[in-house]
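Colleague: Got a structure for you, written out below as structure tokens; questions coming shortly.
The values are calculated or read from the model by the stated rules, or taken from the named source; none is laboratory data. For clarity, every value in this text was computed on a predicted model and none was experimentally measured. When we count neighbours, we look across all protein chains shown, and the Cβ atoms used for this are built from the backbone with ideal geometry, even at glycine.
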Amino acid sequence: MNRSQAVVVGFVVSAWLTLIAILIVQPTLYDGELQPIGPAGQPLARTAFVAAIGVLAIGTLRRWRWTFWLMLIAFAAGIVRLPLFGLQ
């Protein structure tokens, strides 16, 4: 593992642990954002969200290229939101 991978894995693992802590302390926080179909889908949506973050860490370690592009698009979408907040 090189330094770049260590930084990305460290970021993803810290985000994953923070997500799990939030789900333990305040599980209804994500229910409004995830909006699963019916109350029976809430635990499934939470589990899928936590698993998706874990897949990013595994993809970084295994050097899957699609995880790189997925994270690049996600961070680029975050940068695009900054001017939109200013326009509001």
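Colleague: Check region 44-53 and report whether any residue there is at pLDDT 80 or above, in a helix (DSSP H, G or I) and of a type in the set (F, W, Y).
Modeller: Looking for residues that are at pLDDT 80 or above, in a helix (DSSP H, G or I) and of a type in the set (F, W, Y), one finds none in region 44-53, hence no.
Colleague: Give just the number: which of (1) at pLDDT below 85; (2) loosely packed, with under 11 Cβ neighbours inside 10 Å; (3) of a type in the set (S, T, N, Q) does S14 not satisfy?
Modeller: Looking at each condition in turn, S14 falls short on (1).
Colleague: Assess whether G59 counts as being under 22 Å from T18 (Cβ atoms) and either at pLDDT below 85 or not in a helix (DSSP H, G or I) (or both).
Modeller: For G59, the condition - under 22 Å from T18 (Cβ atoms) and either at pLDDT below 85 or not in a helix (DSSP H, G or I) (or both) - is not met.
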